[in-house]
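**Q** Below you'll find the structure I mean.
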Amino acid sequence: MSSNPLHEIESEKNLIGFLLTRGAAGQEDMGLSPEDFYLEIHQRMFNAIVALIDAGVALDPVSVSSHMRENSLFKDESKDLVYLTGILRDTVPSQGLDYYIRRIKRSSDRRKYLERLSASIEKVKTEPGDNDTVFSEIEQLLMDISRQERSKGLRKVKEDANALIEYLQN
């Protein structure tokens with residue numbers, strides 16, 4: 001499986017193929033959203049898959065394509081159907097669903113980090129304030145995404161120290 005830190009197209013295909021061929025029993029909350037997918041067509045397909053799971057409808061190529069048609073999720077129906085068929089034909093998921101979810105989520109998180117870091121770089125270039133103020137705003141942007149993504153990598157040392165003190169006192 002090829003790897004690019006910003007996208008996992010093969011993992012996206014394998015996850016969709018996995019769900020279409022094996023169903024989603026026990027996977028009602030995968031921790032993914034359509035926006036976690038890099039390719040827009042995968043976002044639209046996953047959107048249909050999530051809606052079907054939420055409605056309690058069995059997943060298969062017919063139910064997904066019907067849902068996409070009924071909800072105007074096709075961009076170009078004939079091309080999208082060929083692509084969907086290609087996923088079914090060409091993917092043979094060799095790992096469990098959690099493996100693909102982790103890879104997709106990791107890449108999605110990195111795209112979000114990159115977006116926030118790019119905004120931070122722009123802020124450094126254009127913000128007229130003093131360095132401490134600019135750094136505090138950038139730190140807050142990064143902390144916000146860290147909390148949103150439940151990451152353990154970006155935490156303020158002060159918060160860790162307070163949590164440790166609280167833990168030791170109890």
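The values are calculated or read from the model by the stated rules, or taken from the named source; none is laboratory data. Not measured: the values here are computed from a predicted model. Please note: Cβ atoms are built from the backbone with ideal geometry, for glycine as well, and neighbour counts cover all protein chains shown. Each accessible area value is taken on the protein alone, full model and side chains, heavy atoms only, with ligands, DNA and RNA left out. Shrake-Rupley method; radii C 1.70, N 1.55, O 1.52, S 1.80 Å.
**Q** Of everything in the stretch 118-170, what is within 28 Å of Arg106 (Cβ to Cβ), among the acidic types (Asp, Glu) and at pLDDT 80 or above? Give them in sequence order.
**A** Result: Glu122, Glu139.
Conditions (1) within 23 Å of Leu114 (Cβ to Cβ); (2) in a helix (DSSP H, G or I); (3) at pLDDT 95 or above, marked per residue:
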| residue | (1), (2), (3) |
| --- | --- |
| Ala25 | no, no, no |
| Gln43 | yes, yes, yes |
| Arg89 | no, yes, no |
| Val92 | no, no, no |
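**Q** If you don't mind, another one. Please go through the stretch 17-43 and pick out each residue that is under 19 Å from the mean Cα position of the chain (by Cα), surrounded by fewer than 20 Cβ atoms within 10 Å (Cβ to Cβ) and of a type in the set (D, E, K, R).
**A** Passing the criteria: Glu28, Asp29, Glu35, Glu40.
**Q** Are any of the residues in the stretch 84-99 touching a helix residue (DSSP H, G or I) at 6+ places or on another chain (Cβ under 6 Å) and aromatic (Phe, Trp, Tyr)?
**A** The answer is no; no qualifying residue exists.
**Q** For the stretch 90-115: of the residues being aliphatic (A, V, I, L, M) and surrounded by fewer than 15 Cβ atoms within 10 Å (Cβ to Cβ), which is nearest to Arg22 (Cα to Cα)?
**A** Val92
**Q** Quick check on Phe46: is it among the aromatic types (Phe, Trp, Tyr) and open to solvent by 20 Å² or more (accessible area, probe 1.4 Å)?
**A** Taking the combined requirement at face value, the residue does not satisfy it.
**Q** Mind counting the residues in the stretch 52-62 that are assigned to a helix (DSSP H, G or I) and buried (at least 17 other Cβ atoms within 10 Å of the Cβ)?
**A** Adding up the residues that qualify gives 2.
**Q** Given the structure, is Ser72 open to solvent by less than 30 Å² (accessible area, probe 1.4 Å) and either under 18 Å from His7 (Cα atoms) or free of Cβ contacts under 8 Å to residues at least 24 places away in the same chain (or both)?
**A** no
**Q** Does Thr85 satisfy the condition of being assigned to a helix (DSSP H, G or I), open to solvent by 40 Å² or more (accessible area, probe 1.4 Å) and at pLDDT below 90?
**A** Considered against the rule, which asks whether it is assigned to a helix (DSSP H, G or I), open to solvent by 40 Å² or more (accessible area, probe 1.4 Å) and at pLDDT below 90, Thr85 comes out as no.
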